[in-house]
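Peer 1: Quick one: the structure is below, and I'll ask about it shortly.
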Amino acid sequence: MDVFFTSAAVASLAIGYFFGSIPFGLIITRLAGAGDLRSIGSGNIGATNVLRTGNKGLAALTLLGDALKGVVPIWLLAKTPEAAIVMAFGAFAGHLFPVWLRFKGGKGIATYVGLTLAFSYAALMAFAAVWLTTAFFTRYSSLAALLATLVVPAVFWFVDLPRVAILFALMTVIAWWKHRENISRLLSGSESRIGAKSG
């Protein structure tokens, strides 16, 4: 029986969602005494907004936590490749729509990167290459991330992981939707650049 239609799939989805919904940015900033992250900058719970607190260390910890919450459950708990795929989608959905925060989560890139690592080092290297190249020439972190997500599904398809490719194609579409405000600012030329000082 296909794992996608069994109780094992429901369990895998729930496990992935639970890990993915842990709001590391919110937890880390509160523990550090930086206040409620949702009242800072964009109000997003991801590493980019944590950086707006002025603490690069907290932002790095958030980035690591958001990436690992996709990797850890898959590496430790997924018993089959199919279960890993379901768990990965659960983790991604949990980060974007955490029930604890009234379904208002992050934009998903750090968790996307972590999930890429969970399935293929080659795909992770492709993401990194596109991100670094785009960021170097344009200084737009959001554009770099969006373009990098376009490459990952193709890499998975090339290395003969079609189901994983479909998963990442779906997550790419969702990530672009979550970045629709960034895309609007990119088109208008008002998106902030890496290293630019606010105000």
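Where a number appears in this text, it was derived from the coordinates with a stated rule and is not lab data. Bear in mind the structure is a predicted one, so any value in this text is a computation, not a measurement.
Peer 1: What are the extents of the Cα atoms of the chain along their three principal axes, in Å, largest first?
Peer 2: 58, 36, 25
Peer 1: Using the membrane-span-like helix rule (whole DSSP H runs, Cα extent along the own axis of at least 30 Å, mean Kyte-Doolittle hydropathy at least 0.5), which helices of the chain qualify?
Peer 2: 56-77
Peer 1: Normalised radius of gyration for the stretch 76-142, please: alpha carbon Rg relative to 2.2 N^0.38 Å, two decimal places.
Peer 2: So the stretch 76-142 has a normalised radius of gyration of 1.31.
Peer 1: Residue separation times 0.36 nm, minus the C-alpha to C-alpha distance between Phe103 and Arg193: what's the value?
Peer 2: Residue separation times 0.36 nm, minus the Cα-Cα distance, leaves 29.6 nm.
Peer 1: Would you list which aspartates and glutamates come within 18 Å of Lys79, measuring only between C-alpha atoms, while excluding same-chain residues fewer than 8 positions from it?
Peer 2: Cross-link targets: Asp2.
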